[in-house]
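The values are calculated or read from the model by the stated rules, or taken from the named source; none is laboratory data. Because the structure is a prediction, the values reported are computed rather than measured. Cβ: placed from backbone, ideal geometry, glycine included. Neighbour counts: every protein chain shown. Just so you know, the surface numbers come from the protein's heavy atoms only, side chains and all, with ligands and any DNA or RNA stripped out. Shrake-Rupley method; radii C 1.70, N 1.55, O 1.52, S 1.80 Å.
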Amino acid sequence: MKANPRDVNTGTYYMDGDVAAGHGALAAGCRFIGGYPITPSTEAAETFARIAPKAGAVFIQMEDELGSIASVMGASWSGVKTMTITSGPGYSLMMEIIGLGAMIEAPFVILNIQRGGPSTGVPTKTGQADMMQSRWGSHGDYEIIAISPDSPQELFDYTIKAFNLSEKYRCPVMIMSDECVGHMSEKVVIPPAEEIEIEPRRFYNGPKEKYLPFKPDQDLVPKMVKAGDGYNLYITGLVHDERGYPITNQKEKGKRQQFPTRRLVDKIRLNADKIIELNEEGMDDAEVVVVSYGISYRVAIRGIEKAREKGIKVGNLRLITVWPFPDKKITELASKVKAFVVPEINYGQIVFEVERCSHGQANVVLIPHGGAGVHNPDDIAEAIEYAVKEKKKIRKVIEWKTRLEKFVFEGGYKLNK
Amino acid sequence: MEPLRKTEKDIHPMDDLLRMDRIPHIWCPGCGIGTAVTAFAAGLAKAEIDLTKTCIVSGIGCTGRVAGYVKLDSFHTTHGRAIAFATGIQVANPDLKVIVFSGDGDLISIGGNHFIHAARRNINMLVICVNNFIYAMTGGQVAPTTPLATYATTSPFGCVEPPFNIPYLADSSGAVYVARWTALHVRRLTNSIAEALKKPGFSVIEVISPCAMYYSRINRLGDGLDMMKFYHDNTEIRHGEDTKNLDIGFQTKIIVGKFVDRERPTYMDSYNKWLSGTKKD
Ligand SMILES: Cc1ncc(C[n+]2csc(CCOP(=O)(O)OP(=O)(O)O)c2C)c(N)n1
Ligand code: SF4
Ligand SMILES: [Mg+2]
């Protein structure tokens, strides 16, 4: 399906990433955003609030992020495409109810323009430290999809993609951007509507009396109807059967409790190959591979160039999709390369996924960053140089001492014996 | 044992409005929630509104289970978030009338912020709050509605905090319709529900209800029937009473009635008015 021309402000612009995401949401067909202001994401909400009415969409500023995310799930079951917009502290509040979103299979998108944390942290500067929270933040077992754009153009393009994925797989989709990309102004091309591919909602159109709200299709994703269509839906966060009814029968509980959550997990895991989007370059003869995402990828490009100038064979793997994690890809590379180098703006999150998937076959080097800034490409180049020379297999993640850390912490803290 | 075959006579007039395939329900004997549901179903029938365009949302708690027994589009959400969830349903599709049916702890404590803001915005929804003065589902803990000096499992020496007066809270936050009844006042409650269902905007009906399992037992007030007798002897109907005067103490008189019934533009009225302004330029 193509985008509706009414939703698409076609043209070539100079705009920041937040604004581009607001335009992307509308172009994707978003009809409802419930949000609560938080730096550095506010411009996305402001943009949507400004452009929404002409397309018949609504922005409502809720009383807090608990309300924002709950309203988005309600709107989703009302039959519209929907999103919320936030950053660190608000994202934490939303975790409470994300499990409900997964459980009731409401399609919706969360835009997280990450900032430095923990707590209020550095509200106006960048960070990439909410990556694990995205995956594990709400209680219980569930799966989500997370993607990480690296430019304002991508905040437009991948916001649309996030909506498409959430409609296709009926799960929460997180756009894990960050302050740097959100506040960076660059050229953004908004194409004509007929060039924008839109995933429609998977509406059920069989006989009414046969409808089972949680009976999956071949790809494990069920078809949806909306409130007000006369189906007498029963949608609950309790473990439920295909009718949506809670499983209360004690005899069946043990057996069938397994079933609904298993499907929630498997509909993402078994479709991972279709969901995951990666960008790789220079892999053929690579001895070291840099694995990065979002803004750190853009910085890594320069670090890789510098290492290549010294003749080092280094590959560049960008995780556009961070969750589900590309396990297979990393394991396959691990058997071929000496080491992975992972720059990320935190003290180690995705690097442990890389370590998990390399199964001890390759060294794994973390280039940490405490946030409020991006890496120095020289650190990345030097870490690559080290990684290519290191012959020993080191059985833990190696932390690269960056210039910044050496300068600020004089090489790191030590405990007094 | 063979299930008894249903005859014409056995079909309950509310079969159409309740999910009979989910009966037996979870509520204890002597609980007031069932009565509130009966009044609700009767109110729905009486209001003669389009049931396909009517949704019910609950939070979590004994009362939170109501949505699951009512044969409408029903949503059983998370603790405290029912009103926010319902706000999304309503604003995304203004043709829908949404009822939020939940407990005092759910709506007034963890969901208190959503309650006052939905009232302020005047979202088109009816909130039915079953107030049993306690957190029943979790086993009788103190609630923000527990009267002073009342026992609860987490106020073993008597509640030291003053409770919220729900009608006053709703009134001062902007609700357009506010009433309070007890589980004894089934007919009046039914009429109130039918009236509020037709009223555009944010309506609140508080239903004082016995929790025979915890509230009465912990406070040695007898069973559900004794509580009903207490309501019978100790309630006074005062329509239009200033909501400031509706505090409830431990086993004190309970004032019931319809206190607020006024007109105010709903959220969607205001939104559309503003929208028609922007469309011009
Ligand atoms: C976030 C969260 N906190 C706590 C709980 C546990 N909990 C379940 S029901 C409930 C209280 C319900 O009280 P009320 O809303 O008055 O409903 P009642 O059971 O009295 O009808 C609590 C605290 C929960 N489910 N979720
Ligand atoms: S615990 Fe109390 S409120 Fe809950 S069902 Fe039993 S009597 Fe009713
Ligand atoms: Mg209660």
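Report yes if some residue within the stretch B:126-133 is more than 23 Å from B:Cys28 (Cβ to Cβ), more than 16 Å from ligand 2 (Cβ to nearest atom) and of a type outside the set (Val, Ile, Thr); otherwise report no.
Here is the first cut: in the stretch B:126-133, the ones more than 23 Å from B:Cys28 (Cβ to Cβ) are B:126-127.
Among the residues that remain, those that are also more than 16 Å from ligand 2 (Cβ to nearest atom) are: B:126-127.
Of the ones still in play, those that are also of a type outside the set (Val, Ile, Thr) are B:126.
Taking every residue of the stretch B:126-133 in turn, at least one turns out to be more than 23 Å from B:Cys28 (Cβ to Cβ), more than 16 Å from ligand 2 (Cβ to nearest atom) and of a type outside the set (Val, Ile, Thr).
Please find, within the stretch B:91-115, the residue that is surrounded by the most Cβ atoms within 10 Å (Cβ to Cβ) out of those that are facing chain A (nearest Cβ under 8 Å) and touching a residue at least 24 places away in the same chain (Cβ under 8 Å). Can you show your working first?
Applying the first criterion (facing chain A (nearest Cβ under 8 Å)) to the stretch B:91-115 yields B:91-93, B:95-96, B:113-114.
Remaining after also requiring touching a residue at least 24 places away in the same chain (Cβ under 8 Å): B:91, B:95-96, B:114.
Numbers: B:Val91: 27, B:Asp95: 10, B:Leu96: 23, B:His114: 29.
Across the stretch B:91-115, the extreme among qualifying residues is B:His114.
For the stretch A:139-237, please list each of the strands (runs of 3 or more DSSP E) lying entirely inside it that holds at least 1 residues being farther than 19 Å from B:Ile89 by Cβ and of a type outside the set (Ser, Thr, Tyr). If you could, list the steps in order and put the result at the bottom.
Working: elements: A:145-147, A:172-178, A:185-190, A:234-236.
Because the criterion is at least 1 residues that are farther than 19 Å from B:Ile89 by Cβ and of a type outside the set (Ser, Thr, Tyr), the strands (runs of 3 or more DSSP E) in the stretch A:139-237 that meet it are A:145-147, A:172-178, A:185-190.
This table checks each residue for (1) open to solvent by less than 10 Å² (accessible area, probe 1.4 Å); (2) outside the structural domain of A:Leu317 (by TED's automatic domain parsing); (3) under 23 Å from A:Asp219 (Cβ atoms); (4) touching a strand residue (DSSP E or B) at 6+ places or on another chain (Cβ under 9 Å).
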position	(1), (2), (3), (4)
A:Ile98	yes, yes, yes, yes
A:Met103	no, yes, yes, yes
A:Ile113	yes, yes, no, yes
A:Thr124	no, yes, no, yes
A:Met131	yes, yes, no, yes
A:Gly137	no, yes, no, no
A:Asp141	no, yes, yes, no
A:Ile145	yes, yes, yes, yes
A:Pro152	yes, yes, no, yes
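Do we find a residue being surrounded by 21 or more Cβ atoms within 10 Å (Cβ to Cβ) and within 16 Å of ligand 1 (Cβ to nearest atom) anywhere in the stretch B:182-202?
The answer is yes, given that some residue of the stretch B:182-202 is surrounded by 21 or more Cβ atoms within 10 Å (Cβ to Cβ) and within 16 Å of ligand 1 (Cβ to nearest atom).
Against the definition (within 16 Å of ligand 1 (Cβ to nearest atom) and without any contact (Cβ under 8 Å) to a residue 40 or more places away in the chain), how does B:Leu275 come out, yes or no? Spell out the reasoning first.
Numbers: within 16 Å of ligand 1 (Cβ to nearest atom): no; without any contact (Cβ under 8 Å) to a residue 40 or more places away in the chain: yes.
No: the conditions fail for B:Leu275.
Can you find even one residue in the stretch B:151-158 that is of a type outside the set (A, V, I, L, M), open to solvent by 10 Å² or more (accessible area, probe 1.4 Å) and part of a helix (DSSP H, G or I)?
No, the stretch B:151-158 contains no residue that is of a type outside the set (A, V, I, L, M), open to solvent by 10 Å² or more (accessible area, probe 1.4 Å) and part of a helix (DSSP H, G or I).
Within the stretch B:160-171, can you find the residues that are open to solvent by less than 10 Å² (accessible area, probe 1.4 Å) and within 14 Å of ligand 3 (Cβ to nearest atom)?
B:Ile166
Being more than 15 Å from ligand 2 (Cβ to nearest atom) and open to solvent by 10 Å² or more (accessible area, probe 1.4 Å) is the filter; apply it to the stretch B:140-150 and report the residue that is nearest to A:Ala70 (Cα to Cα).
Within the stretch B:140-150, the match that is nearest to A:Ala70 (Cα to Cα) is B:Pro144.
May I ask you to list the residues in the stretch A:127-158 that are among the hydrophobic types (A, V, I, L, M, F, W, C), in contact (Cβ under 8 Å) with a residue 60 or more places away in the chain and within 24 Å of A:Val265 (Cα to Cα)? Break it down into steps so the answer makes sense when it comes.
Looking only at the stretch A:127-158, we keep the residues that are among the hydrophobic types (A, V, I, L, M, F, W, C), and these are A:129, A:131-132, A:136, A:144-147, A:155-156.
Applying the additional criterion that residues be in contact (Cβ under 8 Å) with a residue 60 or more places away in the chain yields A:129, A:131-132, A:144-147, A:155-156.
Residues satisfying the conditions are A:Ala129, A:Met131, A:Met132, A:Ile144, A:Ile145, A:Ala146, A:Ile147.
Please determine whether any residue of the stretch B:66-84 is within 11 Å of ligand 3 (Cβ to nearest atom) and open to solvent by less than 10 Å² (accessible area, probe 1.4 Å). Before the answer, list the steps.
Keep residues of the stretch B:66-84 that are within 11 Å of ligand 3 (Cβ to nearest atom), which gives none.
Among the residues of the stretch B:66-84, not one is within 11 Å of ligand 3 (Cβ to nearest atom) and open to solvent by less than 10 Å² (accessible area, probe 1.4 Å), which makes the answer no.
State the number of residues belonging to the stretch B:104-136 that are touching an Asp or Glu at 6+ places or on another chain (Cβ under 9 Å), among the aliphatic types (A, V, I, L, M) and within 12 Å of ligand 1 (Cβ to nearest atom).
3
Where in the stretch B:175-281 are there helices (runs of 4 or more DSSP H), lying fully within it, with 3 or more residues that are within 14 Å of chain A (Cβ to nearest Cβ)? I'd like the intermediate steps shown before the answer.
Values: elements: B:186-197, B:215-218, B:224-234, B:267-280.
Hits in the stretch B:175-281: B:267-280.
Would you please list the contacts, defined by Cβ atoms under 6 Å and residues six or more apart or on different chains, that run from a residue in the stretch B:150-170 that is on the phi > 0 side of the Ramachandran plot to a residue that is modelled with pLDDT of 95 or more and open to solvent by less than 80 Å² (accessible area, probe 1.4 Å)?
B:Gly158/B:Ala149
Report yes if some residue within the stretch B:37-51 is at the interface with chain A (Cβ under 10 Å from one of its Cβ atoms), open to solvent by less than 10 Å² (accessible area, probe 1.4 Å) and without any contact (Cβ under 8 Å) to a residue 40 or more places away in the chain; otherwise report no.
Step one: list which residues in the stretch B:37-51 are at the interface with chain A (Cβ under 10 Å from one of its Cβ atoms), which gives B:50-51.
From the residues that got through so far, the ones that are open to solvent by less than 10 Å² (accessible area, probe 1.4 Å) too are none.
No; the residues of the stretch B:37-51 include none that is at the interface with chain A (Cβ under 10 Å from one of its Cβ atoms), open to solvent by less than 10 Å² (accessible area, probe 1.4 Å) and without any contact (Cβ under 8 Å) to a residue 40 or more places away in the chain.
For residues that are farther than 22 Å from B:Ser58 by Cβ and open to solvent by 40 Å² or more (accessible area, probe 1.4 Å), scanning just the stretch A:217-235, find the one that is farthest from the other protein chains (Cβ to nearest Cβ).
For the stretch A:217-235, the residue satisfying everything is A:Gln218.
Could you look through the stretch B:122-139, keep only residues that are crowded, with 24+ Cβ neighbours inside 10 Å and of a type outside the set (A, V, I, L, M), and pick out the one that is farthest from ligand 3 (Cβ to nearest atom)?
For the stretch B:122-139, the residue satisfying everything is B:Asn124.
Quick one: count up the residues across the stretch A:274-293 that are in contact with a helix residue (DSSP H, G or I) (Cβ under 6 Å, 6 or more places away or on another chain) and either in a loop (DSSP other than H, G, I, E, B) or not hydrophobic (A, V, I, L, M, F, W, C) (or both).
2
From the list B:Ile83, B:Ile60, exactly one residue is in contact with a Leu (Cβ under 8 Å, 6 or more places away or on another chain), within 13 Å of chain A (Cβ to nearest Cβ) and within 22 Å of A:Gly101 (Cβ to Cβ). Which is it?
Details: B:Ile60 fails: in contact with a Leu (Cβ under 8 Å, 6 or more places away or on another chain).
Being in contact with a Leu (Cβ under 8 Å, 6 or more places away or on another chain), within 13 Å of chain A (Cβ to nearest Cβ) and within 22 Å of A:Gly101 (Cβ to Cβ) holds for just one of B:Ile83, B:Ile60, which is B:Ile83.
Can you tell me which residues in the stretch A:69-116 are without any contact (Cβ under 8 Å) to a residue 60 or more places away in the chain, among the aliphatic types (A, V, I, L, M) and at the interface with chain B (Cβ under 10 Å from one of its Cβ atoms)?
Across the stretch A:69-116, the qualifying residues are A:Ile69, A:Ala70, A:Val72, A:Met73, A:Ala75, A:Val80, A:Ile97.
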